[in-house]
1. At a 10 Å Cβ-Cβ cut-off, how would you order 19, 521, fewest neighbours first?
2. Measuring from label point to label point, each 7 Å out along Cα→Cβ, what is the residue 313 to residue 301 span in nm?
3. Ignoring solvent entirely, what values of log10 I(q)/I(0) come out of the Debye formula for the stretch 1-102 at 0.18, 0.21 Å⁻¹ when each Cα is a single scatterer?
4. Given Cα pairs under 8 Å that are at least 6 residues apart, what percent is the relative contact order of the chain?
5. Report the FRET efficiency, 1/(1 + (r/R0)^6), for residue 199 and residue 15, where r is their Cβ-Cβ distance and R0 is 56 Å, rounded to 0.05.
6. If one puts a single equal scatterer on every Cα of the stretch 394-463 and applies the Debye formula without solvent, what log₁₀ I(q)/I(0) results at q = 0.16 Å⁻¹?
7. What does the highest-first list of 187-194, 488-495, 109-116, 75-82 look like by mean Cβ count within 10 Å?
8. Taking neighbour counts of Cβ atoms within 10 Å as a proxy for exposure, in what order, fewest first, do 245, 525 appear?
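Read the figures in this text as sums done on the coordinates, not as results from a lab. The structure displayed is predicted, hence computed values, not measured ones. Reconstructed Cβ throughout: ideal geometry from the backbone, glycine too, with neighbour counts over all protein chains shown.
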C-alpha cells in the first residue's frame, strides 16, 4: 500500500469491467461499451480508435496493432498480428543504390501499408459482439466535435510537431501553431473515413476513395505503393510465446514484434538474485542495463517478419540466457553492442480491458515515431506511420527491407499467467524501451512484491544507444554510483515509457493501474 502522505495514485477496483489506458476519454469510451453489453474486445477497439484522436502523435488509423486476448473462462491466450507490409515493388537494393544507409524516417519508403483497421474489423466480426459501427461511434463523435488537448499530449505534440510536413501541418496544427493544453483538436476528415468504415467495413479504408487519397500522397513523394498493396492487407492469427519468471509466466506476441526480447531479458535476469538487491539501487539498474544490452543485441541480429525469422527458439532457449548472463560483470558496464541501422524508437498507445465475464484483452497500437512519417493524405488527413524504418538496408540481414515483408516492430502487448490462469494483461509503452519495461514490471511484481500500481510508478532506467537514461525519481548518488561503474548516465528529457495493467483477482475483483507518466487512468464499474 502506498504512503498516503505523498502524492500518488490508488488502484482502481471494480467488478463489472475495467479499462486502463493512456487517456481518460479512451478509458471512458471502453467502459461505456462494456456497460452497453459489449465484451472486452469491443471495448478495447472502441477505446483504441478514439486514442488516435486524443493522442494523434502516438497512434491513428494509418498505423498498426498487435493484440493478445483470452476468452472468458479460458486459459488459452490468443494473438493477432495487425502489422502492415512494405509495398510489393520496394526493395532495399533500390535504396542502397540511391545512396541510403537507412530507410529515411520521413520518406514514403518508410510507410508500410497500415494494418490496424483490417485487424479491428476482423476482431469486431469474429470476437466482438456489437459490430464495428457501434465501436467507431465514439471516435466519430470526438473527431467531428473535438477533443481538449491533454497536458502530456500537448508536451509530446510540441516535441514532435517538426515531423509534420506538407498538408499534415494543416490537419494537425491549429491555425499553424502547435496546440496548447485545453485547445480543441478536431479531425473531420478522419470522422468521415470512420463513418465509411462503420458502414462498409475494412474495404471502405483499403479500396476506393480513401485508399486513393493515401496513394496519391505517397506516390507524389516517390512511394511504390499501389492499390493492390492496400487491397491485399490481411491480419494474421499467430501463436503466442512465453517464458516463466519465478512463479509467473509472461506471455508475448511472436515476431515480427520484439516480445522474444523481453523473454530473453527475463531469462537473463533469472540468473541473478535480483530479489536480494535494493529495488531502487544502482546494482539492480546495472544488471538490468547489461541484460538489456545483450537481449537487444540478439533482437537486432535475429528478429524480423515471422516468415523470415529463424532464430526465435534460440532467443527463448534458457541456455542462451545463461551464456549471455555469464558475460555480465556485476561491477562494470560493458560497451554497448554496435548499433544497427534499423530505427527502434518511439511512440505508441496501449489499452487493456477486462470484462465482467473474464475476457481480457491486451492491445497495442502505433504509428511508430511521433506523428509517424509526418505524411498525411490530402483530403482526409490520414497520417501515415513510418514502420518501414524498422527494416535494415543491410544486404542479407534477416530484417532486410523487401517488398511484401513486415518489418521488425517495437510494439508488444503482454499478459501474465499464474498457475495456468490469465491474471494480468499489461503493456509498457515507449518504443525500444518496451522489452526492458516488460522485464522490469515482472521483476517489480515477483522480486519485490510490489502491487501493480507501485510496479508501474517505480522509477525507471534504460540503457539506449550508449546512454543509460535514469529518471529523476533516482537520486544523484545513484547516478554517481552508476557512472563509477562505467555507464554514460543522463537524465532523459521525457519520462521513460508508460504502462497500464489490470489484475484479475480470484474473487472476481478487478484491480486497474495506470501510469502517471501519461494523461490516462484506469476506470471500472
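1. Fewest-to-most ranking of 19, 521: 521, 19.
2. Distance between label points: 1.9 nm.
3. Taken in order of the listed q values, log10 I(q)/I(0) reads -1.01, -1.17.
4. Result for the chain is 27 percent.
5. Between residue 199 and residue 15 the formula returns 0.95.
6. Computed log10 I(q)/I(0) values: -0.67.
7. On the way: 187-194: 22.5, 488-495: 14.4, 109-116: 29.8, 75-82: 19.6.
Ranked from most to least packed, the peptides come out as 109-116, 187-194, 75-82, 488-495.
8. Result, fewest neighbours first: 525, 245.
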